[in-house]
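Comments concern the structure below.
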Amino acid sequence: MGIQNIIQGKKQWWAHMARVQALPPDYQIVYKEMQRYLFKVGPVDLTDGHLLSEIVDFFEEGVAAGKGVLELIGNDVAAFSDNLIKDSPTHADLYQESISGEAGAAEK
């Protein structure tokens, strides 16, 4: 990864976070909780994909429609986040596979 890619990535991240900061406070709180949760248990390709930007798009549409954030996602932020990544391999999945693979190799 070259220096230009790093700089471009940082610019994109700061532009993304500026969009988050433009959301109403309740949306910002929920977004940050989702972000924290997804970085902890989320998909392997979270930083490569567009999931976080799509969440902001969804939230911006909710704001434009005059809806509260909990009207959009419900009361359980983790369950909503889990539903977003249900078909994506997570770091926990990879770890579990690595443990299963080591156990299988040890038994042989």
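The values are calculated or read from the model by the stated rules, or taken from the named source; none is laboratory data. Please read these numbers as outputs of a predicted model, since none were measured by experiment. When we count neighbours, we look across all protein chains shown, and the Cβ atoms used for this are built from the backbone with ideal geometry, even at glycine. Heavy atoms of the whole protein, side chains included, go into the accessibility calculation; ligands, DNA and RNA do not. Shrake-Rupley method; radii C 1.70, N 1.55, O 1.52, S 1.80 Å.
What to note about this one:
- With all protein chains kept in place, the per residue accessible area of the chain amounts to 69 square angstrom at a probe of 1.4 angstrom.
- Magnitude of the charge dipole, segment 15-104, Cβ model with Lys/Arg +1 and Asp/Glu -1, debye to 20: 320
- Most to least packed among 25-32, 65-72 [average Cβ atoms within 10 Å]: 25-32, 65-72
- The share of accessible area on the chain that comes from carbon and sulfur is 56 percent, using a 1.4 angstrom probe.
- Ordering 64, 52, 21 by the projection of their Cα atoms onto the charge dipole of the chain, which places +1 on the Cβ of Lys and Arg and -1 on the Cβ of Asp and Glu, puts 21 at the extreme positive end.
- In sequence order, calculated HN-Hα J values of segment 25-42 (Karplus, 6.51, -1.76, 1.60; Hz; x Gly/Pro): x, 5, 5, 4, 4, 5, 4, 5, 5, 5, 4, 4, 5, 5, 5, 7, 10, x
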